[in-house]
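Contents: one structure, followed by commentary.
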Amino acid sequence: MNILVINTGSSSLKYQLFNMETEAIIAKGNCDRIGIDGHIKHVPSNGKPTLKSDIPLPSHSEAINFVIRTLTGPEHGVIDSLSEISAVGHRVVHGGRKFAQSVLINDDVLKAIIACVRLAPLHIPANLMGIYACQKAIPAAPQVAVFDTAFHLAIPDYAHVYPIPYAYYDEHDIRRYGFHGTSHRYVSEKAIDYLGGNAEGMRLITCHLGNGASLAAIKDGKSIDTTMGATPLEGLPMGTRCGTVDAALVSVIAEIEGGLSIGEALEILNQESGVLGISGISSDFRDIMNIAEFNFDEAVEVEEIEDLELVHRSRLALDVFKYQIAKFIGSYIVALGGVDAIVFTAGVGENSPSIRRGICDWLKSFGIFIDGDKNGNAEGNGVTDVTEAGSSVAVLIIPTNEELIIARDTMKIVFSTESRK
């Protein structure tokens, strides 16, 4: 069985085609700048050449159609026909209170997903475009929705109910939902396997750190708290998102900027804040770390003096990021009644030894210590244990694989559906 996994963004589409007998990736790629000018990168695993091309991609439908033509084409293809795609799994950012697990997509499911647009107005429309495009292009293939929020619906009411008028929760579904659930689920399962395989009694804090970032407190294999909220804006500072700040800043910023609307003020908090807002340089942590490593002792040229403020701000951005993560980890140790392992994953979590070290430096009072050599030389394959001897808590690096979880859920649901016919 071959499963196509689709992950749509507002102007992007990532995909992977899996052979589920071996869980091997047959091909993967991404379409960028959809609706702008269009670019595709397609990487087949059968020895055929990689495709990199600038092409017009006016919409997600054109992107899906181009991906399918590429997957089946003679030059870069990996399958002979669409009949070799048994099902399509879609990442859907928000499932609201309705979906606690992945589901086969039908008309009722689509209506429920559409109802979540108000909770994730930037993400759900793109997810729906990917679903509609695949339904049209591969009508014989069952479509499955895998929700980012599903893993976190287990969070108890005292952790997911906001201290606002209860009617907003009861009548309008306003609550903490959390995101990156597929990633937190994957790495927590891998950590549990590594630590003995018994989820019962296991206490984990998983740190999904990338341009978007969130933590989850996981007990007995279930999420009991997470940093993102009703929307992805809450929680940690991120690439462009502010994370948790005083809610009144929306009106304060609107007034400072000369009477902006609420939406325009929220746009600043979503798109112009986080490490970009503090550093003034970039939302890419690699760019900020490059500037932050500037050596003041070597700054002897007069023209370099103007750049020193950016160095200070870059270092501050990273310090704020590390501190907030450590602070949330501390609160989750309380929520869990202790912790057995801290797991780092995603782009920054997997690839930045300095970020991991800086976070763990704040946690020494909990008896948490990271091994400098292991941390600095971590390759990021499988489970990498960077725990220092004598640490009371394991510190692990586990590369996330959300697409594999989506493919597994899709296969399970499709097989289950077929078996009932």
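The values are calculated or read from the model by the stated rules, or taken from the named source; none is laboratory data. Here the structure is a predicted model, which is why all the values come from computation and not from measurement. No Cβ is skipped: glycine too gets one built from the backbone with ideal geometry, and neighbour counts run over all protein chains shown. Please note that ligands, DNA and RNA were not included when accessible areas were found on the heavy atoms of the full protein model with its side chains. Shrake-Rupley method; radii C 1.70, N 1.55, O 1.52, S 1.80 Å.
Within segment 87-101, residues that are over 16 Å from Q143 (Cα atoms) reach partners that are of a type in the set (D, E) and surrounded by fewer than 24 Cβ atoms within 10 Å (Cβ to Cβ) with beta carbons closer than 8 Å, at six or more positions or on different chains, in the pairs G96/D173; R97/D173. Within segment 39-59, the set of residues being touching a Phe, Trp or Tyr at 6+ places or on another chain (Cβ under 8 Å), over 22 Å from I26 (Cα atoms) and in contact (Cβ under 8 Å) with a residue 24 or more places away in the chain comprises L57 only.
For the criterion of being under 19 Å from A141 (Cβ atoms) and hydrophobic (A, V, I, L, M, F, W, C), I26 passes. Restricting attention to segment 137-157, the residues being open to solvent by 20 Å² or more (accessible area, probe 1.4 Å), under 22 Å from F415 (Cα atoms) and not aliphatic (A, V, I, L, M) number 3. The residues of segment 24-54 that are over 25 Å from the mean Cα position of the chain (by Cα) and at pLDDT below 90 amount to a single one, D37. Within segment 249-268, is there a residue that is touching a Gly at 6+ places or on another chain (Cβ under 9 Å) and crowded, with 22+ Cβ neighbours inside 10 Å? Checked against the condition, which is being touching a Gly at 6+ places or on another chain (Cβ under 9 Å) and crowded, with 22+ Cβ neighbours inside 10 Å, segment 249-268 yields no hits at all.
Residues in segment 335-359 that are touching a helix residue (DSSP H, G or I) at 6+ places or on another chain (Cβ under 8 Å) and closer than 24 Å to K219 by Cβ: A335, V339, A341, I342, V343, F344, T345, A346, G349, R356, I359.
Looking across segment 328-378 at every residue that is without any contact (Cβ under 8 Å) to a residue 24 or more places away in the chain and basic (K, R), the one that is farthest from S214 (Cα to Cα) is identified as K374.
Selection of segment 194-206 for residues being of a type outside the set (V, I, T) and more than 11 Å from G221 (Cα to Cα) yields Y194, L195, G196.
Rundown of residues vs (1) in a strand (DSSP E or B); (2) more than 14 Å from I138 (Cβ to Cβ); (3) in contact with a helix residue (DSSP H, G or I) (Cβ under 6 Å, 6 or more places away or on another chain); (4) open to solvent by 20 Å² or more (accessible area, probe 1.4 Å), yes/no style:
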{"site": "E21", "(1), (2), (3), (4)": "no, yes, no, yes"}
{"site": "C31", "(1), (2), (3), (4)": "yes, yes, yes, no"}
{"site": "D37", "(1), (2), (3), (4)": "no, yes, no, yes"}
{"site": "K48", "(1), (2), (3), (4)": "no, yes, no, yes"}
{"site": "P56", "(1), (2), (3), (4)": "no, yes, no, yes"}
{"site": "S61", "(1), (2), (3), (4)": "no, no, yes, yes"}
{"site": "S83", "(1), (2), (3), (4)": "no, no, no, yes"}
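Right, G382: more than 18 Å from S214 (Cα to Cα), outside any helix (DSSP H, G or I) and free of Cβ contacts under 8 Å to residues at least 40 places away in the same chain or not? It is true that G382 is more than 18 Å from S214 (Cα to Cα), outside any helix (DSSP H, G or I) and free of Cβ contacts under 8 Å to residues at least 40 places away in the same chain.
Scanning segment 7-19 for residues that are open to solvent by 50 Å² or more (accessible area, probe 1.4 Å) and in a strand (DSSP E or B) turns up just one, K14.
Assess whether N2 counts as being under 18 Å from M129 (Cβ atoms) and either crowded, with 16+ Cβ neighbours inside 10 Å or not hydroxyl-bearing (S, T, Y) (or both). Criteria not met by N2. When F285 is tested against (1) open to solvent by less than 90 Å² (accessible area, probe 1.4 Å); (2) closer than 28 Å to S365 by Cβ; (3) at pLDDT 95 or above; (4) not β-branched (V, I, T), just one condition goes unmet, and that condition is (3). Just checking, how many residues over segment 158-198 are part of a helix (DSSP H, G or I), open to solvent by less than 50 Å² (accessible area, probe 1.4 Å) and aromatic (F, W, Y)? Here the count works out to 2.
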